[in-house]
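*Asks:* Below is one structure. I have some questions about it.
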Amino acid sequence: MVRKAGSAETSRLRVDLSAIVANWQALRARHIGAVAAVVKADAYGLGARFVAPTLYAAGCRHFFVAHLSEALAIQRYLPGAMLAVLNGLAPGQADAFAANDLTAVLGSLAEIDRWTAEARKRGQRLPALLHVDTGMNRLGLDAGELQTLAADPGRLDGLDLRYVMTHLVASEIADDPANAAQRARFAAACAMLPPMPRSFANSSGIFLGPDYASDLARPGAALYGLNPTPGLANPMRQVLQLDCQVLQVREIAAGDSVGYNSTWRAKRASRIATVPLGYADGWPRAMGNRGHAIFDGARAPLVGRVSMDLTTYDVTDLPAVVPGVWLQVIGPGRTPDDIAADAGTNGYEVLTSLWTRYAREYVA
Ligand SMILES: *Cc1c(COP(=O)(O)O)cnc(C)c1O
């Protein structure tokens, strides 16, 4: 499957679906249990409509999103697969979940009661994950709720309990003591519940080793090429390229400034290339005067502020950069993690911020 960008576009986002599949297969090879795909936030901005069916075709049968609406948008492409909604079962959603064969992730007694009531109403068992909190304090059954359940397991009647899950708070830091503490709390919580399969590691959790293996890992970031082992070489393949066409190249004199508030001033006569990329496209404004684009393997430093629709690069040393050529702003030599480091954020935010004004191309 290749979906071509319109030839008149001036910015192109290219997603390599086969690299995403290769990343999923590499994670499967590392993890003892099954491996799901987390495709929330439109597959971290890359397009769940394309990513989820591609992973399904490769054999993936467990998918996670955050919102009911995200599940409804891709459910038809994933026949027979488990499609679970991490944010839980909000009031008023039970009918839509059941009617669309979605798996509820139940993180409170109220959600459990909501889902068992729906099961009774329909006279059928309904699929669920139990979400236990082991340190995030965000979603999930707390210690008191676990005790209530342990004393009254009949409260789960009517549920087809697929997995009990928890989520690591610091898995990207291999020696953070929170990892082992959560592992112990998760084991204790599981012992209080009826026996059922377990789901534990996210991307980085898979790389914490076999102690963190479970029946189902839930990677997102690593599928999309973010480094699950920060500080070590990235074991994942890059899946994304973003190229922008140079709109104009201007010659400026030493002492001239570029962009809003004149935050960059030329020390010599310079050539400045302007490309159609700005913070309205999810390009971090914090990138002002930081980082570079790549042209023919060489670096063009980003100069001046990032504005809403435009970014400027110093191409003084790259005479082949003329209007109409393409600068690569994300690619194998300039990863979302690199951009995140320069912008003071993480690769997740870089990916999920990429917005809609690019021509998108999906390569199988
Ligand atoms: C987002 C999320 C994941 C995926 O995490 P990555 O770090 O992207 O692999 C797994 N589990 C839960 C509960 C999540 O919210």
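*Asks:* Please go through segment 148-192 and give me each residue that is outside any loop (DSSP other than H, G, I, E, B), of a type in the set (D, E, K, R) and touching a Pro at 6+ places or on another chain (Cβ under 9 Å), ordered by number.
*Replies:* Those that are outside any loop (DSSP other than H, G, I, E, B), of a type in the set (D, E, K, R) and touching a Pro at 6+ places or on another chain (Cβ under 9 Å): Asp160, Arg162.
*Asks:* Would you mind finding the one in Ala340, Ala266, Ala359 that is within 26 Å of Gly220 (Cα to Cα) and modelled with pLDDT of 95 or more? Outline the logic, then answer.
*Replies:* On the way: Ala266 fails: within 26 Å of Gly220 (Cα to Cα); Ala359 fails: modelled with pLDDT of 95 or more.
Only one candidate qualifies: Ala340.
*Asks:* Kindly check whether there is at least one residue in segment 296-305 that is in contact with a Leu (Cβ under 8 Å, 6 or more places away or on another chain), within 22 Å of Leu17 (Cβ to Cβ), among the acidic types (Asp, Glu) and not assigned by TED's automatic domain parsing to the domain that holds Ala52. First the steps, then the outcome.
*Replies:* Initially, segment 296-305 is screened for residues in contact with a Leu (Cβ under 8 Å, 6 or more places away or on another chain), giving 296, 298, 300.
Filter again for within 22 Å of Leu17 (Cβ to Cβ), leaving none.
Scanning segment 296-305 turns up no residue that is in contact with a Leu (Cβ under 8 Å, 6 or more places away or on another chain), within 22 Å of Leu17 (Cβ to Cβ), among the acidic types (Asp, Glu) and not assigned by TED's automatic domain parsing to the domain that holds Ala52.
*Asks:* Specify which of the listed residues (Leu302, Leu327) is touching a residue at least 24 places away in the same chain (Cβ under 8 Å) and within 27 Å of the chain's Cα centre (by Cα).
*Replies:* On the way: Leu302 fails: touching a residue at least 24 places away in the same chain (Cβ under 8 Å).
That would be Leu327, the only listed residue that is touching a residue at least 24 places away in the same chain (Cβ under 8 Å) and within 27 Å of the chain's Cα centre (by Cα).
*Asks:* Determine if segment 85-97 includes at least one residue that is in the same structural domain as Arg218 (by TED's automatic domain parsing) and in contact with a Pro (Cβ under 7 Å, 6 or more places away or on another chain).
*Replies:* No, there is no match, as no residue in segment 85-97 is in the same structural domain as Arg218 (by TED's automatic domain parsing) and in contact with a Pro (Cβ under 7 Å, 6 or more places away or on another chain).
*Asks:* When you look at Arg268, is it over 22 Å from Thr352 (Cα atoms), in contact (Cβ under 8 Å) with a residue 24 or more places away in the chain and out of contact with any strand residue (DSSP E or B) (no Cβ under 6 Å at 6 or more places or on another chain), yes or no? Outline the logic, then answer.
*Replies:* Numbers: over 22 Å from Thr352 (Cα atoms): yes; in contact (Cβ under 8 Å) with a residue 24 or more places away in the chain: yes; out of contact with any strand residue (DSSP E or B) (no Cβ under 6 Å at 6 or more places or on another chain): yes.
Yes, satisfied.
*Asks:* Continuing with the same structure: Can you tell me which residue among Glu145, Glu111 is more than 27 Å from the chain's Cα centre (by Cα) and part of a helix (DSSP H, G or I)? Spell out how you get there, then give the answer.
*Replies:* Working: Glu111 fails: more than 27 Å from the chain's Cα centre (by Cα).
Only one candidate qualifies: Glu145.
Matching residues to (1) in a helix (DSSP H, G or I); (2) modelled with pLDDT of 95 or more; (3) surrounded by 15 or more Cβ atoms within 10 Å (Cβ to Cβ):
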| site | (1), (2), (3) |
| --- | --- |
| Glu9 | no, no, yes |
| Ala29 | yes, yes, no |
| Glu70 | yes, yes, yes |
| Gly80 | no, yes, no |
| Asn87 | no, yes, yes |
| Pro91 | no, yes, no |
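*Asks:* Determine, yes or no, whether Arg290 is closer than 21 Å to Gln241 by Cα and modelled with pLDDT of 95 or more.
*Replies:* Numbers: closer than 21 Å to Gln241 by Cα: yes; modelled with pLDDT of 95 or more: yes.
Taking the combined requirement at face value, the residue satisfies it.
*Asks:* Now for a different question. Those residues that are surrounded by 15 or more Cβ atoms within 10 Å (Cβ to Cβ) and over 19 Å from Ala48 (Cβ atoms), I need them from segment 94-103; list them, please.
*Replies:* Within segment 94-103, Ala94, Ala98 qualify.
*Asks:* Looking only at segment 224-263, how many residues end up being surrounded by 21 or more Cβ atoms within 10 Å (Cβ to Cβ) and farther than 30 Å from Ile173 by Cβ?
*Replies:* Here is the first cut: in segment 224-263, the ones surrounded by 21 or more Cβ atoms within 10 Å (Cβ to Cβ) are 224-228, 236, 239-240, 242-244, 246, 258.
Remaining after also requiring farther than 30 Å from Ile173 by Cβ: 243-244, 246, 258.
Number of matching residues: 4.
*Asks:* Has segment 19-27 got any residue that is modelled with pLDDT of 95 or more, β-branched (Val, Ile, Thr) and either outside any strand (DSSP E or B) or within 16 Å of the ligand (Cβ to nearest atom) (or both)? I'd like the intermediate steps shown before the answer.
*Replies:* First, the residues of segment 19-27 that are modelled with pLDDT of 95 or more: 19-27.
If we keep only those that are β-branched (Val, Ile, Thr) as well, we get 20-21.
Restricting the remaining residues to those that are either outside any strand (DSSP E or B) or within 16 Å of the ligand (Cβ to nearest atom) (or both) gives 20-21.
Checked segment 19-27: at least one residue is modelled with pLDDT of 95 or more, β-branched (Val, Ile, Thr) and either outside any strand (DSSP E or B) or within 16 Å of the ligand (Cβ to nearest atom) (or both).
*Asks:* Right, another one. Which numbered condition trips up Arg61, out of (1) closer than 25 Å to Glu361 by Cβ; (2) surrounded by fewer than 19 Cβ atoms within 10 Å (Cβ to Cβ); (3) at pLDDT 95 or above?
*Replies:* Here Arg61 clears every test but (1).
*Asks:* Just checking, how many residues over segment 139-176 are of a type in the set (Gly, Ala, Ser), more than 16 Å from the ligand (Cβ to nearest atom) and surrounded by 18 or more Cβ atoms within 10 Å (Cβ to Cβ)?
*Replies:* Initial filter on segment 139-176 (of a type in the set (Gly, Ala, Ser)): 140, 143-144, 150-151, 154, 158, 170-171, 174.
Restricting the remaining residues to those that are more than 16 Å from the ligand (Cβ to nearest atom) gives 143-144, 150-151, 154, 158.
Now drop any that are not surrounded by 18 or more Cβ atoms within 10 Å (Cβ to Cβ), which leaves 158.
Selection size over segment 139-176: 1.
*Asks:* Does segment 177-197 hold any residues that are under 23 Å from Ala222 (Cβ atoms), within 16 Å of the ligand (Cβ to nearest atom) and over 22 Å from the mean Cα position of the chain (by Cα), and which are they?
*Replies:* Ala178, Gln182, Arg183, Phe186, Pro197
*Asks:* If I ask for residues that are in contact (Cβ under 8 Å) with a residue 60 or more places away in the chain, among the small types (Gly, Ala, Ser) and more than 21 Å from Gly47 (Cβ to Cβ), which ones from segment 208-253 would you list?
*Replies:* Ala213, Ser214, Ala217
*Asks:* Restricting to segment 118-138, what's the tally of residues that are loosely packed, with under 12 Cβ neighbours inside 10 Å and within 16 Å of the ligand (Cβ to nearest atom)?
*Replies:* Summing the residues that are loosely packed, with under 12 Cβ neighbours inside 10 Å and within 16 Å of the ligand (Cβ to nearest atom) in segment 118-138 gives 2.
*Asks:* Considering segment 34-57 alone, what residues qualify as being within 14 Å of the ligand (Cβ to nearest atom) and not hydrophobic (A, V, I, L, M, F, W, C)?
*Replies:* Selection gives Lys40, Asp42, Tyr44, Gly45.
*Asks:* Still on this model: Given the conditions (1) part of a loop (DSSP other than H, G, I, E, B); (2) within 16 Å of the ligand (Cβ to nearest atom); (3) of a type outside the set (Asp, Glu); (4) within 27 Å of Met192 (Cβ to Cβ), which single one is not true for Cys60?
*Replies:* Evaluating Cys60 over (1) part of a loop (DSSP other than H, G, I, E, B); (2) within 16 Å of the ligand (Cβ to nearest atom); (3) of a type outside the set (Asp, Glu); (4) within 27 Å of Met192 (Cβ to Cβ) leaves (4) as the failure.
*Asks:* Every residue in segment 317-364 that is surrounded by 20 or more Cβ atoms within 10 Å (Cβ to Cβ) and under 23 Å from Ser257 (Cα atoms), please.
*Replies:* Hits for segment 317-364 are Leu318, Val321, Leu327, Val329, Ala343.
The values are calculated or read from the model by the stated rules, or taken from the named source; none is laboratory data. Computed from a predicted model, the values in this text were never measured in an experiment. Note that each Cβ is placed from the backbone with ideal geometry, even for glycine, and that neighbours are counted across all protein chains shown.
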